[in-house]
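Asks: Below is the structure I would like to discuss, written out as structure tokens.
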Amino acid sequence: MTEITRIARQFIEALPHAAALGLRLEEIGDGRAVIAMPYDPRLIGDPASGVIHGGAVSAVMDTASGAAVMSHPAGPASTATLDLRIDYMRPATPGQTIRARAHCHHVTRSVAFVSVVATDDDETRPVAMGHGAFTVDRPR
Amino acid sequence: MTDAREETLRGLTGGIPYLQFLGMRFERSGDELTAVLPFTPHLIGNPVIPALHGGVTAAFLEVTAIVGLVWAGLGEGVQVSALPKTIDLTVDYLRAGQPKDSFARARINRSGRRYASVQVEAWQDDPARLFAQGNGHFLMP
């Protein structure tokens, strides 16, 4: 693990809600971030099946998207979500880690554009996909 | 005051761990249902500002939309045995969510046999000053 990844991991895992969700930063750099959310019974949305709630999936996708913006070579000082649209393709398989892979593919002076995909162990069939626009605050 | 409609709603939502994780609840005033998300520190995303996590806001809107759909269905005498499933959700983040209690209400723009389109608005102090709004499509059970 690089020094930058280690620092970013500490930073993201210290965010109170990220810590509450048990998020783990796995990869970051060059406008890309991968964040994992281990299966946790507290996050179940459907008690009958044990499927994780879509809201928790949104949260890991939003976190990965923000991390991808922060790691873009343009070097924003901070970012916040402007909008995020998520399509839910299928329920995540109970018991499996959900992984959000975000890519910040374009940055202007004030806006960053991100696409994000969430998968479980079967990475050929996404659980959810999203597109977002994020604010970009330049370093002073 | 609870009645059958409220009891059915509580039966469908009461046992959902994720709603307890967020600490969400619903308040009824006549026909109108308002979702309440009391502030707790683990909802914070950015501790520097501090602001609610964007994912918390999205989840709050999504749950409000789903429960709003069920509530509207029950009001029209529809038998509801399961919760609608989210097809997609778009969230506009209008301003940072402050570390205080949040409220949200759903408006059902269309509810058919298979699909529904729902708009959701969320505020903190002033219902006219939204901090987030959302629009989602849902698959009816």
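Asks: Of the numbered conditions (1) buried (at least 16 other Cβ atoms within 10 Å of the Cβ); (2) under 29 Å from B:Val120 (Cα atoms), A:Pro76 satisfies every one except a single condition; which is it?
Replies: Tallying (1) buried (at least 16 other Cβ atoms within 10 Å of the Cβ); (2) under 29 Å from B:Val120 (Cα atoms), A:Pro76 fails exactly one: (2).
Asks: Run A:Ala92 past the list (1) at positive phi; (2) of a type outside the set (Val, Ile, Thr); (3) surrounded by 20 or more Cβ atoms within 10 Å (Cβ to Cβ) and report the number of the one that doesn't hold.
Replies: (1) is the only condition that A:Ala92 fails.
Asks: Hey, can you tell me all the residues within segment A:95-131 that are more than 20 Å from A:Glu26 (Cβ to Cβ) and surrounded by 24 or more Cβ atoms within 10 Å (Cβ to Cβ)?
Replies: Result: A:Ala112, single match.
Asks: Which residues, counting only those in segment B:17-69, are more than 9 Å from every other protein chain (Cβ to nearest Cβ), part of a loop (DSSP other than H, G, I, E, B) and hydrophobic (A, V, I, L, M, F, W, C)?
Replies: Listed by number, the residues that qualify are B:Met24, B:Phe39.
Asks: Turning to a different aspect of this structure: With the requirement that a residue be surrounded by fewer than 15 Cβ atoms within 10 Å (Cβ to Cβ) and in a loop (DSSP other than H, G, I, E, B), what does segment B:81-113 give you?
Replies: B:Ser81, B:Ala82, B:Arg95, B:Lys100, B:Asp101, B:Gly112, B:Arg113
Asks: Looking only at strands (runs of 3 or more DSSP E) that fall completely inside segment A:1-100, which ones have 3 or more residues that are of a type outside the set (Gly, Ala, Ser) and facing chain B (nearest Cβ under 10 Å)? Working first, answer last.
Replies: Numbers: elements: A:24-29, A:32-37, A:44-46, A:81-88.
Here the list reads A:81-88.
Asks: Say we look at segment B:42-72 and pick out the residues that are over 19 Å from A:Ser58 (Cα atoms) and free of Cβ contacts under 8 Å to residues at least 40 places away in the same chain; which of these is nearest to the chain's Cα centre (by Cα)?
Replies: That would be B:Ala72.
Asks: Answer yes if at least one residue in segment A:44-56 is at pLDDT 95 or above, more than 10 Å from the chain's Cα centre (by Cα), among the acidic types (Asp, Glu) and surrounded by fewer than 24 Cβ atoms within 10 Å (Cβ to Cβ), and no otherwise.
Replies: Among the residues of segment A:44-56, not one is at pLDDT 95 or above, more than 10 Å from the chain's Cα centre (by Cα), among the acidic types (Asp, Glu) and surrounded by fewer than 24 Cβ atoms within 10 Å (Cβ to Cβ), which makes the answer no.
The values are calculated or read from the model by the stated rules, or taken from the named source; none is laboratory data. Since the model is a prediction, treat every value here as computed from it, not as a measurement. As a convention, Cβ positions derive from the backbone with ideal geometry for all residues, glycine included, and neighbour counts pool all protein chains shown.
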